[in-house]
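Peer 1: Handing you this structure, nothing more for now.
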Amino acid sequence: MSASLIVSDLDHTLLNAEHGLDAITIETFQALAARGHHLAIASGRHFRDIAAVRQLLGVSGHIISTNGAHLHAPDDSLIFETLVPNDVVSELMSLDVPGSVRINLYTGDRWLIDAPAPSLLAFHASTGFTYEVTDVRTYQGGDVGKVLFIGDPELLAALETEIQARLGERVHVTYSLPNSLEVMHYDASKGRMLRRLMTRLEVPPERTLAFGDNLNDIDMLQTAGCAFAVANAHTRLTLAAPHAEIIGSNVEAGVAWKLREWFALD
């Protein structure tokens with residue numbers, strides 16, 4: 001049988017309620033790797049963070065990180081990236097952001113934040129990835145993959161409106177969680193990077209399986225020929241990708257059980 005490409009989101013999709021991996025998930029991914037299938041993780045998380053999850057899975061696989069800003073090979077080499085232009089970063093840093101909203105930058109190798117936010121670290125407890133507190137508004141590194149605003153959804157909605165008014169088609173704006181407003185280069189998304197990976201691996205849509213739960217997964221599920229939304233998925237995801245099959249939730253290891261059924265893993 002020809003190899004398939006299996007790509008999954010992490011938070012609230014592949015990971016459980018404790019932001020970790022269930023044993024059945026690890027066993028399933030290792031069985032699929034042994035059969036020669038292509039595996040990939042596509043997440044809003046930083047590459048270094050995702051690579052640690054991949055290590056916990058015990059498999060080789062591609063990584064689509066920072067909501068599609070970067071594509072890395074199984075050996076961690078960078079294949080392609082789409083960075084936020086410096087002037088766009090400067091424009092975003094000039095916004096009048098409420099004090100309760102945390103401003104974050106994902107750079108090539110770091111997660112920068114404007115003030116401590118210990119509550120965010122629970123998502124990364126299993127990987128040990130953490131932020132560095134710094135004056136993000138003066139950052140001039142030129143390697144920003146994503147600008148991330150974390151805070152109350154109502155405050156983020158107002159910020160989103162202003163960002164769209166100022167920058168319009170120059171940026172791609174999405175949410176990975178209701179309290180996480182994410183801004184990338186207009187050409188950066190999980191779906192666009194998945195298409196590049198499918199072309200690179202010569203895997204057609206009908207042999208590409210994608211799993212997701214939130215708005216940043218929409219075009220990834222629209223791109224894959226076989227799309228799956230976990231039961232806990234955002235309603236707007238299921239409306240935007242109506243062909244996606246609803247599977248078990250992340251707390252039920254829904255991705256693993258669907259893969260075991262699909263590939264007849266005993």
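Just so you know, all these numbers are worked out from the coordinates, no wet-lab data involved. None of these values were measured; they are calculated from a predicted model. So basically every Cβ, Gly included, is an ideal-geometry build from the backbone, and we count neighbours across all protein chains shown.
Peer 1: Counting other Cβ atoms within 10 Å, which GluC sites (Glu not before Pro) in region 15-108 have at most 16 and lie in a DSSP loop?
Peer 2: On the way: sites: GLU18, GLU27, GLU81, GLU91; in loops: GLU18.
Loop-located and lightly packed - GLU18.
Peer 1: Oh, and also: Report the net charge of residues surrounding ALA240, where surrounding means a beta-carbon distance below 11 angstrom and charges are Lys +1, Arg +1, Asp -1, Glu -1.
Peer 2: -1
Peer 1: With r as the distance between the Cβ atoms of SER77 and HIS243 and R0 = 45 Å, compute the FRET efficiency 1/(1 + (r/R0)^6) and round to 0.05. Mind showing how you got there, number by number?
Peer 2: Details: r = 34 Å, r/R0 = 0.75.
It comes out at approximately 0.85.
Peer 1: While we're on this one: By how many degrees, between 0 and 90 and to the nearest 10, does the Cα long axis of helix 153-167 differ from the longest principal axis of the chain?
Peer 2: The helix 153-167 is inclined about 80 degrees to the chain.
Peer 1: Check which residues have an amide H placed less than 5 Å from VAL230's amide H, if you skip close sequence neighbours.
Peer 2: GLY212, ILE247
Peer 1: Which whole-number value in Å³ per residue fits the convex hull of the alpha carbons of the chain? Spell out each step's value before the answer.
Peer 2: Details: hull volume 30.8 nm³, N = 266.
Output value, Cα hull per residue: 116 Å³.
Peer 1: Compute the relative contact order of the chain as a whole-number percentage, counting only Cα pairs closer than 8 Å that sit 6 or more residues apart in sequence. Working shown, then result.
Peer 2: Details: 540 pairs, mean separation 55.6, N = 266.
Once normalised by length, the contact order is 21 percent.
Peer 1: Now, a different point. List, largest first, the extents of the alpha carbons of region 86-185 along their principal axes, each in whole Å.
Peer 2: Computed over the Cα atoms, the extents are 37, 30, 21 Å.
Peer 1: Under a 5 Å amide H to amide H cut-off, with H placed in plane at 1.01 Å, what residues pair with ARG45 once short-range neighbours are removed?
Peer 2: THR66, ASN67
Peer 1: Can you grab the distance from the C-alpha centre of region 84-119 to the C-alpha centre of region 167-215, Å, no decimals?
Peer 2: Spelled out, the Cα-based centre of one part sits 21 Å from the other.
Peer 1: Which three numbers, in whole Å and largest first, are the semi-axes of the equivalent ellipsoid of region 84-124 derived from its Cα gyration tensor as √(5λ)? Show your work: numbers first, answer last.
Peer 2: Details: eigenvalues 84, 47, 7 Å².
The equivalent ellipsoid of region 84-124 has semi-axes of 20, 15, 6 Å.
Peer 1: Using the alpha-carbon centroid of each, what span in Å lies between region 1-80 and region 224-266?
Peer 2: Region 1-80 and region 224-266 have Cα centres separated by 16 Å.
Peer 1: Using only the Cα atoms of region 119-266, what are the Rg and Dmax in Å?
Peer 2: 17.4, 54
Peer 1: On a 0 to 90 degree scale, rounded to 10, what angle separates helix 47-57 from the longest Cα axis of the chain?
Peer 2: 30 degrees
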